[in-house]
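Encoded as structure tokens, the structure appears first; notes follow it.
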Amino acid sequence: RSKETSRNTYKFFNHHMSEQASKQLSVEQELRKAVERNELVLMYQPQVDLISDQITGVEALVRWQHPSRGLVPPLEFIPLAEETGMIVPIGEWVLRTACRQNVEWQMAGYTPMRVAVNLSAYQFKQSNIVQTVAEILRETGLNPKYLELEITESIAMQNAEQVIQTLEALKLLGIQISIDDFGTGYSSLSYLRNFPIDRLKIDKTFVDNITDSAGDAVIAESIIAMAKSLKLEVIAEGVETKEQYQFLKSSGCHEMQGYFFSKPLPVDRLTSKLSRLSAASGH
Ligand code: C2E
Ligand code: MG
Ligand code: MG
Ligand code: MG
């Protein structure tokens, strides 16, 4: 009886595995086609500076406009793209599209702002990552100071020497580097002090609780204070309420991103927003 059960379990498991493998293969093929057929789209979420009261940056966030599944969010295909290596062509497309779009906004006369692009660990580890970024900057003509690459703490935690070397080569191109989702990993500011980075993005999970957890409030306040003393810029992500905004502002965090200001927007809607803001400021 027990033998029977285990054989069945084994069979089921095996069947399940091959189904999984073929599903992965077909997703890989679909992802490949998605790039070729131009099914990927970028949304742009404003990053607001509360001192200048301006949009000083936008984060480019990818979606997959799937012919039958509709708009697929990144967490449903980026992990698979990383497993299959498809993140490399996808990431290049994202980088090129975001840089090109930023040049278009500048040519239309809007106040120059950064465009932030997420880099996955797999992409970051490619031996030609620096050349790829350099080539896309050259090709699109974007002034490097208006490109920011977001890397996560987990990238920074692996092989520090190597990571610092790559970051230094990227910094030589003149771009900016930020640490995304800061506070969720195991790195500390004293560890990151050795990294040539410009900005920390305080993760949404801290922002979520600052107004009702004294502990999280203290953590957020000390991240802001330490970052400032290390001459790093700080931005809070996932700011949804006025209370969160007020707390962060009084703690000295002057850049924010979140639904309280704006959701990620399609390019035409962000363009209208820039256009309205620029008309209102009289430029
Ligand atoms: P992330 O880089 O931390 O991006 C922030 C995520 O939080 C975005 O989700 C954004 O839409 C969401 N968000 C922003 N403000 C708020 C808010 O106030 N409330 C809530 N509930 N959510 C907010 P999204 O677009 O679904 O992206 C999820 C993750 O997928 C990103 O997290 C990033 O890790 C990854 N991702 C997105 N685009 C790319 C890409 O082009 N390349 C790579 N490698 N990863 C990407
Ligand atoms: Mg990000
Ligand atoms: Mg983030
Ligand atoms: Mg996040």
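Quick note: the coordinates plus some simple rules give every number you see, no bench work behind them. Because the structure is predicted, anything quoted here is derived from the model rather than measured. Ideal geometry is used to build each Cβ from the backbone, glycine not excepted, and the neighbour counts take in all protein chains shown.
Structure above, values below:
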read-out: Cα radius of gyration and Dmax for the chain (Å); value: 21.0, 81
read-out: GNM result for the chain, Cα springs below 10 Å: residue of Gln123, Gln101, Gln29 fluctuating most strongly; value: Gln29
read-out: Exceeding the 25 Å Cα-Cα cut-off - candidates Lys204/Lys242; Lys145/Lys228; Lys204/Lys249; Lys125/Lys228; value: Lys125/Lys228
read-out: For Leu265, distant residues with modelled amide H under 5 Å away; value: Tyr44, Gln45
read-out: GNM top mover of Pro46, Pro73, Pro112 - the chain, alpha-carbon springs below 10 Å; value: Pro73
read-out: Mean-position separation - Cα centroids, the stretch 127-160 and the stretch 170-235, in angstrom; value: 19 Å
read-out: Interchain or long-range residues, amide H under 5 Å from Gln176's placed H; value: Leu147, Glu148, Leu149
read-out: Rounded if a/c under 1.5, otherwise prolate or oblate - the stretch 187-283, Cα gyration tensor axes; value: prolate
read-out: Unit charges on C-beta of K, R, D, E only; dipole of the chain, Debye; value: 500 debye
read-out: C-alpha long axis of helix 160-172 to longest principal axis of the chain, angle in °; value: 50 degrees
read-out: Overall dimensions of the stretch 127-272 by Cα: Rg and Dmax, Å; value: 16.4, 49
read-out: Shape category assigned to the stretch 42-199 from the gyration tensor of Cα positions, a/c cut at 1.5; value: rounded
read-out: Top of Glu221, Glu19, Glu36 by mean-square fluctuation, Gaussian network on the chain, Cα under 10 Å; value: Glu19
read-out: Helix-only [θ]222 nm of the chain, DSSP H runs n ≥ 4, -39500 (n - 2.57) each, per residue, nearest 500; value: -16000 deg cm²/dmol
read-out: HN-Hα J in Hz across the stretch 210-215 - Karplus 6.51, -1.76, 1.60, θ = phi - 60°, x for Gly and Pro; value: 4, 8, 10, 10, 4, x
read-out: Estimated vicinal HN-Hα couplings, Hz - the stretch 42-49 in sequence order (Karplus 6.51, -1.76, 1.60; Gly, Pro = x); value: 10, 10, 10, 10, x, 10, 9, 9
read-out: Selection from Tyr122, Val163, Val58 lying farthest towards where the dipole of the chain points positive, charges on Cβ; value: Tyr122
read-out: Phi to ³J(HN,Hα) by Karplus 6.51 cos²θ - 1.76 cosθ + 1.60 over the stretch 96-111, Hz, x for Gly, Pro; value: 5, 5, 5, 5, 4, 5, 5, 4, 4, 4, 5, 5, 6, x, 6, 3
